[in-house]
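**Q** Here's a structure for you.
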Amino acid sequence: MSYAVGARGWRRLLHASRYSYQGLKAAWKTQAAIRQEVVLLLLGLPVVFILSLTAVERALLLFSLLMVLIVELLNSAIEAAIDRIGLESHPLSGQAKDMGSAAVLVSLVAAAGVWLCVLW
């Protein structure tokens, strides 16, 4: 991956989009949790549009599912960076990975809470 040094405007946007696509593609190929959360998102989408909801409720439901995916992508990035540094066990590496995992759990609980509040 080579970053376009000094790229500006549309060219910078195109480069950034390509890198984002590469990140999504790598996450899909290597992370089962990402695939599961994309399935969860795809299952939730029809529910959001079938039910009679306000625009704010729809936004909350969609954002809560996207939030889980965003946090999982960040957790996967943390894990990849830690593994790149070294595979030997280190307390700080374990702590970083555990905190990333905890962030995913909190986002899942928050999403479930949003869905319960809106659908109840």
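The values are calculated or read from the model by the stated rules, or taken from the named source; none is laboratory data. Just so it is clear, the model here is predicted, and its values are computed rather than measured. Neighbour counts run over all protein chains shown; Cβ positions are idealised from the backbone, glycine included. Each accessible area value is taken on the protein alone, full model and side chains, heavy atoms only, with ligands, DNA and RNA left out. Shrake-Rupley method; radii C 1.70, N 1.55, O 1.52, S 1.80 Å.
**Q** Go over the candidates VAL118, VAL109 one by one and state the one that is part of a helix (DSSP H, G or I) and surrounded by 15 or more Cβ atoms within 10 Å (Cβ to Cβ).
**A** After ruling out the rest, the residue left standing is VAL118.
**Q** Within the stretch 65-72, is even one residue modelled with pLDDT under 95, open to solvent by 70 Å² or more (accessible area, probe 1.4 Å) and part of a helix (DSSP H, G or I)?
**A** For the stretch 65-72, residues modelled with pLDDT under 95, open to solvent by 70 Å² or more (accessible area, probe 1.4 Å) and part of a helix (DSSP H, G or I): absent.
**Q** Kindly evaluate ARG35 against the criterion of being modelled with pLDDT of 95 or more and either in contact with a helix residue (DSSP H, G or I) (Cβ under 8 Å, 6 or more places away or on another chain) or of a type outside the set (Val, Ile, Thr) (or both).
**A** Criteria met by ARG35.
**Q** Among the residues of the stretch 26-55, which ones are open to solvent by 100 Å² or more (accessible area, probe 1.4 Å) and part of a helix (DSSP H, G or I)?
**A** TRP28, LYS29, GLN36, LEU42, LEU43, PHE49, ILE50
**Q** Just one of (1) open to solvent by less than 50 Å² (accessible area, probe 1.4 Å); (2) under 13 Å from the mean Cα position of the chain (by Cα); (3) among the hydrophobic types (A, V, I, L, M, F, W, C); (4) modelled with pLDDT under 95 trips up ILE82, so point out which.
**A** (2)
**Q** Moving on to the next point. Which one is nearest to VAL71 (Cα to Cα) among residues in the stretch 5-24 that are open to solvent by 100 Å² or more (accessible area, probe 1.4 Å) and of a type in the set (Phe, Trp, Tyr)?
**A** Ranking the qualifying residues of the stretch 5-24, first place goes to TYR21.
**Q** Also, I was wondering about something else. Just the residues that are under 13 Å from the mean Cα position of the chain (by Cα) and open to solvent by 40 Å² or more (accessible area, probe 1.4 Å), please, taken from the stretch 91-105.
**A** SER101, ALA103, LEU105
**Q** A follow-up question, please. Can you tell me which residues in the stretch 21-42 are farther than 14 Å from ASN75 by Cα and touching a Leu at 6+ places or on another chain (Cβ under 8 Å)?
**A** Across the stretch 21-42, the qualifying residues are VAL38, LEU40, LEU41.
**Q** OK, next. Suppose we filter PHE49, PHE63 for residues that are under 15 Å from ALA111 (Cα atoms) and not acidic (Asp, Glu); which single one remains?
**A** PHE63
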